[in-house]
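Here you go, one structure.
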Amino acid sequence: MSQQNDIQVLLICGGGGSEHDVSLRTADFIQRELAKSPGIQLTRVTMDSAGRLQDAEGTLRELRSDKLLYSASGAAQPVDYVIPAIHGYPGETGDLQSQLEILGLPYYGCGPEASKICFNKITTKLWLSALGIDNTPYQFLCANTAEETAKAHDALKLWGEVFVKASNQGSSVGCYKVSDEAALESALQEAFTLSPYVLVEKCLKVRELEVAAYTYEGELVITAPGEVCAPSDTFYSYDEKYAEGSRALTHVVAEGLSEAQLGWIDAASRRAFVGLQLEDLSRIDFFLTESGEIYLNEVNTFPGMTPISMFPKMLQNHGHDFCAYLTALIRRAV
């Protein structure tokens, strides 16, 4: 295929938020993979906190309603497909997807509504409960008032140890493990600076399991669960996920799970993917307690794809090539 007939793919990364740097590493992976695909012409731009797009040379670019990507000089190139590789706002929140819907451009990943629902930890739990999928016990705080925060103190007394989570932050940003009253008050104040709603969740001693859920040749694929093992003195925080000095260990296939447990995880993943109307990809995370209870912890609508990320590893372990998988989605969409 000649270059002029290539599919013009726009890769948008960055975002200017707390997960900007991780987004760049995810974009590096996607760019390397698509470089193997003939007939795909990729243009990469980085978004800043103001929503401006810059190319590799630092030139400002603008995506307009005529589906052309303009530069300051007035030169323009067509865009056939968009990969919104931004973790956190506005990529995982549905905002960027809404803009692409208005422009009429096909894109990689979940739609605006599913993205928004799954990015908010509280709406995720409400939807999971509505779908009949078990999730961890929690309290929902809708305001930073004495009446609302009293529910957090009651939860700490009842459960002994809790997680305080800002409701609309990704990748463990705004997540605090708390075991005493003084730390609880500090965590609540921090969480409310990041979000108008806060989740207080029962802390459980668990194995952390993850599946890659994605569509391949029109069929929904749920991989075998992988496992993340955080050090015993911490939890799977943002730093443990992405920092170069991370001490977390990952296993592409979790060991020692029974057929019943594997069946429950597969069925819950399928119910979540279909019920939440996810598209193209997600990473779905579970907790397995010492007593054998399984809870669906969260749904990631655009999981990380760094060298240590689980989604591409689990996809590859399932026997699928990432480049072939993404190229097929692009060709099907355009």
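Round to a whole number: what % of the accessible area of the chain belongs to carbon and sulfur, probe 1.4 Å?
That share works out to 49 percent.
Please give me the summed charge of the neighbours of Leu220: other residues whose Cβ is under 13 Å from its Cβ, Lys and Arg +1, Asp and Glu -1.
-3
If you consider only alpha-carbon coordinates, what radius of gyration and Dmax does the range 95-162 have, in Å?
Both quantities, over Cα of the range 95-162: 17.0, 51 Å.
For Lys151 and Glu217, calculate 0.36 nm times their separation in residues minus their Cα-Cα distance, and state this gained length in nm to one decimal.
Result: 19.0 nm gained on full extension.
If you split all Cα-Cα distances of the chain into 10 Å bins from zero, what percentages do you get per bin, shortest first?
Taking all Cα pairs of the chain, the binned fractions are 5, 25, 34, 23, 10, 3, 0 percent.
In whole angstrom, and with the biggest value first, how far do the Cα coordinates of the range 253-334 range along each principal axis?
Its Cα atoms span 47, 28, 21 Å along the three principal axes.
Taking only DSSP H segments of four or more residues, each worth -39500 (n - 2.57), what value at 222 nm results for the chain once the sum is divided by all its residues, to the nearest 500 deg cm²/dmol?
That comes out to -10000 deg cm²/dmol.
Can you give the local net charge around Thr193? Use residues other than it whose beta-carbon is closer than 14 angstrom to its beta-carbon, Lys and Arg +1, Asp and Glu -1.
-1
Working out 0.36 nm times the residue gap between Ala143 and Gln31, then minus their Cα-Cα distance, what length gain in nm do you get to one decimal?
36.1 nm
Now a separate question. Where Lys and Arg each count +1 and Asp and Glu each count -1, what net charge lies around Thr46 among other residues with Cβ under 14 Å from its Cβ?
It works out to a net charge of -3.
Hey, any idea what the orientation-averaged projected area of the convex hull of the range 1-146's Cα atoms comes to, in nm²?
Hull-based average projected area comes out at 11.8 nm².
Accessible area per residue of the chain at 1.4 Å probe, in Å²?
45 Å²
If you only keep lysine pairs separated by 8 or more in sequence, or across chains, how many in the chain come under 17 Å at the Cα atoms?
For the chain, the number of qualifying lysine pairs is 19.
The values are calculated or read from the model by the stated rules, or taken from the named source; none is laboratory data. The structure displayed is predicted, hence computed values, not measured ones. Using ideal geometry, Cβ is built from the backbone for each residue, glycine included, and neighbour counts are taken over all protein chains shown. For the accessible areas, the whole protein counts, side chains as well, though only heavy atoms, and no ligand, DNA or RNA atoms are used. Shrake-Rupley method; radii C 1.70, N 1.55, O 1.52, S 1.80 Å.
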